[in-house]
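See structure below.
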Amino acid sequence: MTTHPNGARVLVDALKAHGVDVIFGIPGIHNLAIYDALYADERVRLVTTRDERGAAHMADGYARATGRPGVCLTVPGPGVTNALTGIGEAYADSSPVLLLATQLATDTIASDKEDFHQLRDTEAVLRSVTVWGTRPATANEIAHGVDEAFRRFHTTRPRPCYLDLPMDVLAARAEVPIPAVPANDTPDVPEPALVSRALTMWLSAERPLLLLGGGAREAAGPLRRLVELTGIPVIMSSSGKGIVPEDHPLSLGDGWMAHQLGREALEQADCVLAIGCRFGPLTTSWWSRQIPGWIIQVDIDSEEIGKHLPVSLGVVADAAAAAQAFVHALESSSASTSQPRPRAPWLNVVAIREARRDAIRQRAPDAVSTLERLRAVLPDETLLFNDINGIACWGAGAFTCRLPRTFHYPIGFGCLGFALPAAIGAKIARPERPVVALSGDGGFLFTGQELATAVHEGLGVVAVVFNDQAYGTIKADQAHRHPGRLVGADLSSPDFVRLAEAFGARGCRVDRLEDLHREVAHALTLDGPTVIEAPCPQALPPWIEL
Ligand SMILES: Cc1ncc(C[n+]2csc(CCOP(=O)(O)OP(=O)(O)O)c2C)c(N)n1
Ligand SMILES: [Mg+2]
């Protein structure tokens, strides 16, 4: 007699059918059936974290490093609420994370029993940080829920989804055989007529520009070709850093300058082709800065088109499909115009890049030279994870990236404590790559206990902690906006070397920022995690205009 699988087994099989190979989480009474279904499974690595927020950031870091969805698993109630901040960051930054939020037994969920781990309304709690979720009532619905989440990850703007899995449904036997093979979903291809309209408009402009955001990261190949075929300069948001190498002769580099530095290209262009860019607050300086030229916006999410800025033409399409269509149209010369190709750039790209670097250097000399020295020793494929702090906020402009998905920042939600756990998730996903996290003494302690996870998993991540015994960026902002009225931003931070050692990690300190890059390069040659404590460069944060 064949026994039908239970809900937990159905879940695990469905996840594996979609290629899931790592789950980050914490066990508890409500999700033990899932752990049991994963027992001795050689294809799925279970990473046990020290807080569900760590699990969520790790799943996000895994997704950012690979483009593949990351998965995290929690208990109900406090497990779910702990995970929320990390899921919120993934939501804001369009990162595909699946939260497996387990749940009480079905008959107690809607009651007011004040059961152990009970949340009054889990769905309400999760709705604000996820784009879709469901509470399956049967084992088969679990499989369909997994399929639907992955369909969304692959065909729509990638944002977190959740499954709210009641423990009785995880235990129940499936009634009928489960479909094993996921549907082969392909994302939206742009309409040929729109492609040629967009191209004609863009190519006939006098001062055209290409603007790339995080949504275009999977399109690096055809986008580089597009730039080279047309000779049109390109600017990227910080999430799009490296799609075209930032030191390419046509690359204006990162457009994230919340002040005037480096905005001339956006302001002078008469036609901007924007792909996978949401025109968020940091690209637009809180929407105060206009882009006066025509905008052609390509986005997989129809609701993003024209949401923040009026657009002349909207194209709803997957970025890679659109970029390929543009390149194909150009190569087959069906979109030929009177313009010679590639044309001479209408602005001096390298001079603008250098002028911006000089301006940034004047504002934050120590931060910029530290980032430049780090760049010089870190291979291009290094995955750099930033927190929100005095040095990382200059990295968008000063750390030159040559590959997409190598510079990561909690850009949308802006939550402190992102860098270390996200770096851990990335190292698990890409063990062959150097992985470095840059945190301040404040931000590091939000999630620093995940060092224990890095030690347990034997991960060679390098965490740099810039210690100024303060929430320094905010202290500088306060000193600027409320002169002489400093309050609430000083800290008594620990000795991070001893803290690292207490966790079983390697700890070391550099007294001069000039020595940091050498320590980082050395630590990357070692097994296991290293924490490097360093002095913190001081500067007014870039969003303050002087
Ligand atoms: C979860 C969260 N809480 C508060 C803030 C506000 N905030 C932004 S930067 C910052 C200071 C960070 O201090 P630290 O990590 O030591 O870096 P530093 O600015 O000193 O270089 C604070 C408190 C935030 N971004 N996220
Ligand atoms: Mg600090």
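Taken together, the values in this text are just the output of simple stated rules run on the coordinates, not laboratory data. Quick caveat: nothing in here was measured; it's all calculated off a predicted structure. When we count neighbours, we look across all protein chains shown, and the Cβ atoms used for this are built from the backbone with ideal geometry, even at glycine.
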* Structure fact -> Taking r as the C-beta separation of I474 and K16 and R0 as 41 Å, the FRET efficiency to the nearest 0.05 is 0.40
* Structure fact -> When the charge dipole of the chain is computed with +1 at the Cβ of Lys and Arg and -1 at the Cβ of Asp and Glu, the Cα pointing farthest to the positive end, of Y162, H522, L226, is that of L226
* Go ahead and run the numbers for FRET between A351 and E267, Cβ-Cβ distance against an R0 of 25 Å, rounding to 0.05. => 0.95
* Asked: Under a plain spin-label model, where a point goes 7 Å from the Cα along Cα-to-Cβ, how far apart in nm are V189 and W543?
  -> 4.2
* Net charge near C72, counting Lys/Arg +1 and Asp/Glu -1 over other residues with Cβ under 9 Å of its Cβ? -> -2
* Compare the Cα positions of A149, P431, L73 along the charge dipole of the chain (+1 at Cβ of Lys, Arg; -1 at Cβ of Asp, Glu; about the Cα centre) and return the one farthest towards the positive end. => P431
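If neighbour count is taken as other Cβ atoms inside 10 Å, put Y162, Y471, Y35 in order from fewest to most. Working shown, then result.
Details: Y162 29, Y471 22, Y35 17.
Result, fewest neighbours first: Y35, Y471, Y162.
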* Asked: How big is the antiparallel share of DSSP beta bridges in the chain, given as a percent to the nearest 5?
  -> 5
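Within the chain, which is the longest segment that contains none of the GluC sites (Glu not before Pro) sitting in a DSSP loop with at most 15 other Cβ atoms within 10 Å? It would help to have the intermediate numbers written out before the result.
On the way: sites that count: E42, E114, E175, E206, E381, E432, E545.
Looking at the chain, 207-380 is the longest stretch - no exposed GluC sites (Glu not before Pro) with at most 15 other Cβ atoms within 10 Å.
Let's see if you can work this out: charge +1 on each Lys and Arg Cβ, -1 on each Asp and Glu Cβ, no other charges. What is the dipole magnitude of the range 83-155 about its Cα centre, in debye to the nearest 20?
Values: 6 positive and 11 negative charges, 36 e Å.
That gives a dipole near 180 debye.
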* Structure fact -> Quarter of the surface of the C-alpha convex hull for the chain, i.e. direction-averaged projected area in nm², equals 26.6
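Would you mind estimating how fast the range 33-150 diffuses translationally, via Stokes-Einstein at 10 °C and 1.306 mPa s with the Kirkwood radius over Cα pairs, in µm²/s?
Values: Rh = 15.0 Å.
In µm²/s, the coefficient is 106.
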* Using alpha-carbon positions, what is the distance between the centroids of the range 12-55 and the range 359-391, in Å? -> 35
* Charge-dipole axis of the chain as Lys and Arg at +1 and Asp and Glu at -1 on Cβ define it, positive-most pick from Q268, C536, I109 -> Q268
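Report, in debye and to the nearest 20, how large the dipole of the chain comes out about its Cα centre when Lys and Arg carry +1 and Asp and Glu carry -1 on their Cβ.
On the way: 49 positive and 63 negative charges, 235 e Å.
Rounded to the nearest 20 debye, it is 1120 debye.
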* Asked: For the range 525-546, list residues with backbone N below 12 Å from a point placed 7 Å from the Cα of Q362 toward its Cβ?
  -> 546
* Structure fact -> Straight-line reach check, K16, cutoff 28 Å on alpha carbons, 8 or more apart in-chain or any other chain, hits among lysines -> K427
* Treat the count of other C-beta atoms within 10 Å as a stand-in for reagent exposure and order W132, W286, W202 from fewest to most. => W286, W132, W202
